[in-house]
1. Residue under question is residue 53, and the condition is that it be modelled with pLDDT under 65 and either under 30 Å from residue 87 (Cα atoms) or open to solvent by less than 80 Å² (accessible area, probe 1.4 Å) (or both); does it hold?
2. Among what's in segment 68-96 and is open to solvent by 50 Å² or more (accessible area, probe 1.4 Å) and either part of a helix (DSSP H, G or I) or hydrophobic (A, V, I, L, M, F, W, C) (or both), pick the residue that is nearest to residue 38 (Cα to Cα).
3. Consider residue 99 carefully, then state whether it is part of a helix (DSSP H, G or I) and at positive phi.
4. What are the pairs, 6+ residues apart or on separate chains, where a residue within segment 1-28 that is within 25 Å of residue 63 (Cα to Cα) has its Cβ under 9 Å from a residue that is at pLDDT 85 or above and of a type in the set (Asp, Glu)?
5. Given (1) surrounded by 20 or more Cβ atoms within 10 Å (Cβ to Cβ); (2) within 19 Å of residue 28 (Cα to Cα), where does residue 111 come up short, assuming only one miss?
Amino acid sequence: GVLDCMELLQKEAIAKTTPLDTIICAVFKQLLSFSKFACSPPYFEVNRKRSLPTNTIEWVSMNYIPFGEKSLSVAVKLYQQTASDAKVIEGQILHEIIKALSLPLSLKYKCMSSSTWKLAVTSLMTVLHNGLPVARKNPKEFANMWNDLSDTLDKFLFPKK
């Protein structure tokens, strides 16, 4: 249901007939926030102690991993459609996606589900395929991204033991 709502917002945001194009960055940031649940599920507080539900692994596997992965897929598809959009460039969305992908890529085999880091690899390749030509045309807007991209690739290719 949450992703259906996000889909409605993104359709309105990318429609050129509405003034909602200003929320496109917020939609991306929310989707990327949801995508992090695949690797680090949210906690809830019980008596001021942070905890997970009792059957943690089953709960996370059934709920948060698919939700996080679907959120990442939606964000990548949206980026493919809007990579050269001025609001997306100004909002440094490519940089935000790279930062969000850093965790599953650095965890690699330690992810709760192997599909998560595999999706992260294909997502990174997809967004770089669409985003690097835009970055070359707009070097000022992407100046801060290169260090994080380098760090993400380094953590993925050369994980710490």
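The values are calculated or read from the model by the stated rules, or taken from the named source; none is laboratory data. As the structure is a prediction and not an experimental result, all values here were calculated from the model. Here Cβ is always computed from backbone atoms with ideal geometry, including for glycine, and neighbour counts include all displayed protein chains. These area figures cover heavy atoms from the full protein model, side chains too; ligands, DNA and RNA do not enter into them. Shrake-Rupley method; radii C 1.70, N 1.55, O 1.52, S 1.80 Å.
1. Working: modelled with pLDDT under 65: yes; either under 30 Å from residue 87 (Cα atoms) or open to solvent by less than 80 Å² (accessible area, probe 1.4 Å) (or both): yes.
When the stated conditions are applied, residue 53 passes them.
2. Applying the first criterion (open to solvent by 50 Å² or more (accessible area, probe 1.4 Å)) to segment 68-96 yields 70, 77, 80-81, 84, 86-87, 90, 92, 96.
Checking which are either part of a helix (DSSP H, G or I) or hydrophobic (A, V, I, L, M, F, W, C) (or both) leaves us with 70, 77, 80-81, 86-87, 90, 96.
On the way: 70: 9, 77: 18, 80: 22, 81: 24, 86: 30, 87: 27, 90: 27, 96: 17 Å.
By that ranking, first place goes to 70.
3. no
4. That search, which allows pairs on different chains as well, returns 28/96.
5. Condition (2) is where residue 111 drops out.
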